[in-house]
1. Local charge sum around D94 (other residues, Cβ-Cβ under 15 Å, Lys/Arg +1, Asp/Glu -1)?
2. Please give the FRET efficiency for F101 paired with W2, using the beta carbon to beta carbon distance and R0 = 22 Å, rounded to the nearest 0.05.
3. Could you list Y107, Y168 in order of exposure, starting from the residue whose Cβ has the fewest other Cβ atoms within 10 Å?
4. Between A33 and D63, how many nm apart are label points set 7 Å from Cα along the C-beta direction?
5. In nanometres, what is the gap between the two model label sites at L42 and T10, each 7 Å from Cα along Cα-to-Cβ?
6. Using the Kirkwood radius built from alpha carbon pairs, what does the Stokes-Einstein equation give as D for segment 1-48 at 37 °C and 0.692 mPa s, in µm² per second?
7. Give the order of L35, L93 when sorted by the count of other beta carbons within 10 angstrom, beginning with the fewest.
8. Which of the trypsin sites (Lys or Arg not before Pro) found in segment 44-104 are in a DSSP loop and have at most 16 neighbouring Cβ atoms, other than their own, within 10 Å?
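What follows draws every value from the coordinates through simple rules; no lab data is involved. Predicted model, so just to flag it, every value in this text is computed and none were measured. Cβ coordinates were reconstructed from backbone atoms using ideal geometry, including for glycine residues, and neighbour counts include every protein chain displayed.
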Amino acid sequence: MWPSHWFLLTLGGLVPSLVNPTYAHSALGQWQASLISAIMGLCLPCLLLVILVDWRLRPQHPDGEDPIDVLIGWASFALLPVVGLLLCAIPALDAHTRLLFGRRLEYRVTEKVPVQARFRDRDRFPSRPVPEPAPLRRAAFDQLPQYRAYAPGSTTAVTDAVLLVYRYLR
């Protein structure tokens, strides 16, 4: 189910009408479309609840934060379907297709270095060349909320990573 869940949830209601347009105009097809619409409508309050909880759990924005940073944070919820496709569905399809054709999957364990080590502890890793980040105009990295622990798969971690990249490139 892992590779197919995104497609079933996101595009599953559209497939019957795309495959058979006459079915879409039949009574059963219209009933199915209205049922799928009602089910998706029932999911909306749960999504709004998740957004509210995420908003309440975030720390206060530092003084001088760009409005674009706040917009990126709110846009992360609108981009969940795209991120789900790119980071879950396509890699899962790739892995399952490799297994289907008899190719082995290799797992390479990499050294995990926290984000703080890149920006704070440059002395700990003298052998690694670390590029100097562009000077930050408004907020320091110490003010960013990603220095706390995240639950695995947290959208807050993804949002903060996007903010970090945006500020680094700015």
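1. Summing Lys/Arg as +1 and Asp/Glu as -1 gives +2.
2. 0.80
3. Y107, Y168
4. 5.6
5. Once both label points are built, they end up 2.3 nm from each other.
6. After rounding, the answer is 280 µm²/s.
7. Numbers: L35 11, L93 16.
Ranked by crowding around the Cβ, least crowded first: L35, L93.
8. Values: sites: R56, R98, R103, R104; in loops: R103, R104.
Those satisfying the criteria are R103, R104.
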